[in-house]
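Report on the following structure.
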């Protein structure tokens, strides 16, 4: 069992339509330590996905903050350059970086950022939870919002 008082874990996401798959991701990540969740900014989602989120960043941050196993929730950095998204790691120096099963991350760039900045973070992948049912894009299509 991980000593929760000493370990921290960071999870990233948009969490535009919070669903059981997200809760599985966050709950699983929290088993590694105190969970800090980085909620993507509206403009970052627009840049990455080519569309604005359905729910604004302030509301998404409030939703994630209310999840009982989330120790702290913060807005992500504004993205000007490629590594800007990782600068939050310098602020919290997490022991673990949790990525969802379907999160697209430039693993080589992330690993280089960790090494170049003297961090000792381990990257972990969290498995899917009923991915055929609880995937944000599928839910948005069902709701007619995408």
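General observations
- Gained length - residue 47 relative to residue 23, 0.36 nm times residue gap less alpha-carbon distance: 6.2 nm
- Modelled spin-label separation between residue 128 and residue 87, with each label point placed 7 Å from Cα along the Cα-to-Cβ direction: 3.5 nm.
- Our estimate of slack between residue 31 and residue 58, defined as 0.36 nm per intervening residue step minus the Cα-Cα distance, is 7.1 nm.
- Peptides 107-115, 54-62 ordered by average Cβ neighbours within 10 Å, highest first: 54-62, 107-115
- The range 8-143: C-alpha pair distances exceeding 17 Å, %: 58
Taken together, the values in this text are just the output of simple stated rules run on the coordinates, not laboratory data. These figures come from a predicted structure and were not determined experimentally. Note that each Cβ is placed from the backbone with ideal geometry, even for glycine, and that neighbours are counted across all protein chains shown.
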